[in-house]
Each structure stands twice: as C-alpha cells, then as structure tokens.
Amino acid sequence: MLKPTVGIQLYTLRDHIKTAPDFDATLARLAGWGVTDVQISAIGDIPAETQREILQKHNMKVCVTHKPLDRFTGDLNGIIEEHKIINCDAPGIGSAPQEYRDSAEKVQKFIDLTNELGKELKKHGMTFNYHNHDFEFRPLDNGKTMMDMLLEETDPETFRFIPDVMWIRYAGADPAEVLRKMKGRVKVAHFKDYIINEAGERRFVSLGRGLTPLEDCWKACCELEIPYVMYEQDGDWDENDPFLSTERSWDYLQGLTKQEA
C-alpha cells in the first residue's frame, strides 16, 4: 500500500490568492510548513504563466483544480491550455450546477455533457474531475441517487471523482465505503471536518476536531493507493483565521502520514 501525498486545497485560503503578490505570499507561507502540493480553486485573475512562475518559485505542484462548469462548456480549449501551462492533468468542478440536480433526467443531461467533455480532455492526456457535496446522496425520482448514476454511467477512463469525505459523512453514508466504490477513479480525496453545534447547526472545524471518521478514510486511501489527500475547509475558521485552521489541519495530516499504511 502507498500512502497519499498530503497538501492544501487553496479554496481554504481563497481570500489570500486573489492577486499575484498574495498568491506568492500564501505559497511562501505554506512552503515554510513543508507543503509541496496544492489544489487551485477560486484563484483571482492571475495568468497561468504567472501562476506557473510562482508555483515553481516555491517548488509547488498542482494536483487538481476547480473551475466553473461554464468555463468547460464555453472555453474548453482555454481550460486545456491553462492546465498544460501549470502542468496539471486534472481539471475539475466543485459541484454540479442546480439545473443538473434533483431529477434523474437532469442528472442524465449532466452525465451526457461531462462524458463529452471527458472525451475531449482525454485527447490531451487529461481527465474531468468531480467534487461532491451531500446532495448527490439524496434519492431521485428513479429510486437511485445522483452518486449511483455517476458511478454507473460516467466513463471511468475520463470521469474521475474528488470525494469529499466530510460531505459523504454528513449525507449519512460511510466515506470509506464510498471511496472503495470509486476504486481506480480517484486522484485526489478531500479531507474536511465538521460538528453539529447545540443549535443543531453544521459548523466546519479544523481536521481531527469533528465527526468525520478521518482515520478510517486515511486507511481506505492507503488501501486504494489514492495519490493525494487535500485538506479543505469552507469557513468557520479557528479564531476567524483561515491560516490558523490550515496550519492545525496540516499538522493533523502530518500525524496521519506517520501512521502505518
């Protein structure tokens, strides 16, 4: 079994990657902790060539990205060229837009669309990558879930998953078992954590402080030889500081890497 490489999903630090100087400063700070791999998401209007220069300056690699679906449908050639420049073979999206949810017919349209996108990306040595939330696990009008349909009807060669283990747990499913259903179709898994507070509200927390069974998920990632695990936190920062949450979560990931696979 091979242990995943751990890194940071930059969506966590999205307010600090809007300009080239901020992107540079953020990567410098992460590099100081020993981070070598990141996911790019919600980055500002920074040319791909400039991104590459800053990434190379800090010896960083990009394992996957999130881009809006309308970029894929309206400017696929641009997506491909940008990813070639930053040396990333895994462009992806953070969620299916609302018009592709809530019914089997809508989901089928999403599957047909993304299978076609995947065919084009494959010509350039790339795959289409999909990040889940919890809605993919709700029953549809055909008795299946969106996740069932994605697993069954997307092309394994071109459609890959970015499983977010926290959202899977929050949806009421077993994240480790879902990871196993995705065997061979995951380059990057997202580790995120949460609690339910006294008011019954979901709150994000830094890794290891909540309800997500992260150690079980780590073992499954090792078993399945998933190449990357990225920390992500959407909000609810420790002391309102995303860098503090990120540093604490990075330390938690370092602890996981020291465990036997």
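The values are calculated or read from the model by the stated rules, or taken from the named source; none is laboratory data. Given the structure is predicted, the values throughout are model-derived calculations rather than measurements. For neighbour counting, all protein chains shown are included, and Cβ atoms are generated from backbone atoms with ideal geometry for every residue, glycine included.
Could you tell me how many of the residues in region 31-57 are in contact with an Asp or Glu (Cβ under 9 Å, 6 or more places away or on another chain), buried (at least 19 other Cβ atoms within 10 Å of the Cβ) and either modelled with pLDDT under 95 or assigned to a helix (DSSP H, G or I) (or both)?
Count: 2.
Starting from region 32-52, take each residue that is touching a residue at least 24 places away in the same chain (Cβ under 8 Å) and list its partners that are surrounded by 13 or more Cβ atoms within 10 Å (Cβ to Cβ) and charged (D, E, K, R), counting only C-beta distances under 6 angstrom and pairs at least six apart or across chains.
Asp37/Lys61; Ala42/Arg14; Gly44/Lys18; Ala48/Glu82
Is it fair to say Tyr170 is among the aromatic types (Phe, Trp, Tyr) and touching a Cys at 6+ places or on another chain (Cβ under 7 Å)?
no
Out of all the residues in region 70-104, which are closer than 30 Å to Arg138 by Cα, among the β-branched types (Val, Ile, Thr) and under 18 Å from the mean Cα position of the chain (by Cα)?
Of everything in region 70-104, just one residue is closer than 30 Å to Arg138 by Cα, among the β-branched types (Val, Ile, Thr) and under 18 Å from the mean Cα position of the chain (by Cα), namely Ile93.
Quick one: count up the residues across region 1-22 that are more than 18 Å from Leu214 (Cα to Cα) and assigned to a loop (DSSP other than H, G, I, E, B).
Residues in region 1-22 being more than 18 Å from Leu214 (Cα to Cα) and assigned to a loop (DSSP other than H, G, I, E, B): 3 in total.
Name the residues in region 26-85 that are of a type in the set (A, V, I, L, M, F, W, C) and farther than 25 Å from Phe191 by Cα, would you?
Selection gives Ile46, Ala48, Ile54, Phe72, Leu76, Ile79, Ile80, Ile85.
Determine, yes or no, whether Asp112 is at pLDDT 95 or above, of a type in the set (Asp, Glu) and under 28 Å from Asp22 (Cβ atoms).
no
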